[in-house]
Every structure is written in C-alpha cells, then in structure tokens.
Amino acid sequence: MLFGAIMLFKLLGILLTLLGCISLYLCHPNQILLKSSLSKTFTYLGATGLVAGLLILFFSIPKLVAVLIWLAVMTLVWSFIPFLNLFKRSNTQ
C-alpha cells in the first residue's frame, strides 16, 4: 500500500511540474500556440505548480533525483512545446 502512495506522489509531482511549465509557456508574449498569451494569474499559477511539484518530488524520492527529474521535465516541455504548432491544421489555402 505504501509503494502505491509513493508512486502516486511521484506522478503528482511530475504532473504539477508539467502543467506549471505549460502554463508559464502560454503566458509568455512570444508563444505561438495561442492567439494571445494568458493572463498574469496563470503565471503565478504556473510558478506555484512548479514549486509544488518540486516539493512533492522532494518528499517522495531522494533529493538529488527529485531535482534531476524536475529539471529534466522542464527541459523537455520547454524544448518541445514550440513544435506543437507544426501539428495544428492550417485553414488557409
């Protein structure tokens, strides 16, 4: 039972980090996925998600591994989100 709870906390930490990264990306004025960037509220929400994800990872796995996973998720998300625009269908002919 304890193993399942720890695994759930790992996934929750990674999910909060992922959603925080996406939120911060979509708040930036130079993002290309949305027509206009999100409001300042989502910037604070994304930053809170990143910190909460790191704290949850700290309590569920060793500290160094938690920081490594946290940084790896942020690097992957912020590297590949700009390419999602290539998969959008264009209605222009």
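The values are calculated or read from the model by the stated rules, or taken from the named source; none is laboratory data. Quick caveat: nothing in here was measured; it's all calculated off a predicted structure. Neighbour counts run over all protein chains shown; Cβ positions are idealised from the backbone, glycine included. Ligands, DNA and RNA are excluded from the accessible area calculation, which covers all protein heavy atoms including side chains. Shrake-Rupley method; radii C 1.70, N 1.55, O 1.52, S 1.80 Å.
Here are some notes:
- Relative contact order for the chain: 35 percent, from Cα pairs under 8 Å spaced at least 6 residues apart, divided by residue count.
- Exposed trypsin sites (Lys or Arg not before Pro) absent: longest stretch of the chain, with sites in DSSP loops and at most 13 other Cβ within 10 Å deemed exposed: 36-87
- Rounded percent of accessible protein surface that carbon and sulfur make up, the chain, 1.4 Å probe: 76
- Estimated from helical segments only, the mean residue ellipticity of the chain at 222 nm is -24500 deg cm²/dmol, where each DSSP H run of four or more residues counts as -39500 (n - 2.57).
- Å² per residue, accessible surface of the chain at 1.4 Å: 74
- Over all projection directions, the Cα-based convex hull of segment 6-93 averages an area of 6.4 nm².
- Rolling a 1.4 Å probe across all protein chains gives Leu8 an accessible area of roughly 120 Å².
- Among Ser37, Ser60, Ser79, the residue with the largest mean-square fluctuation in a Gaussian network model of the chain, with springs joining Cα atoms closer than 10 Å, is Ser79.
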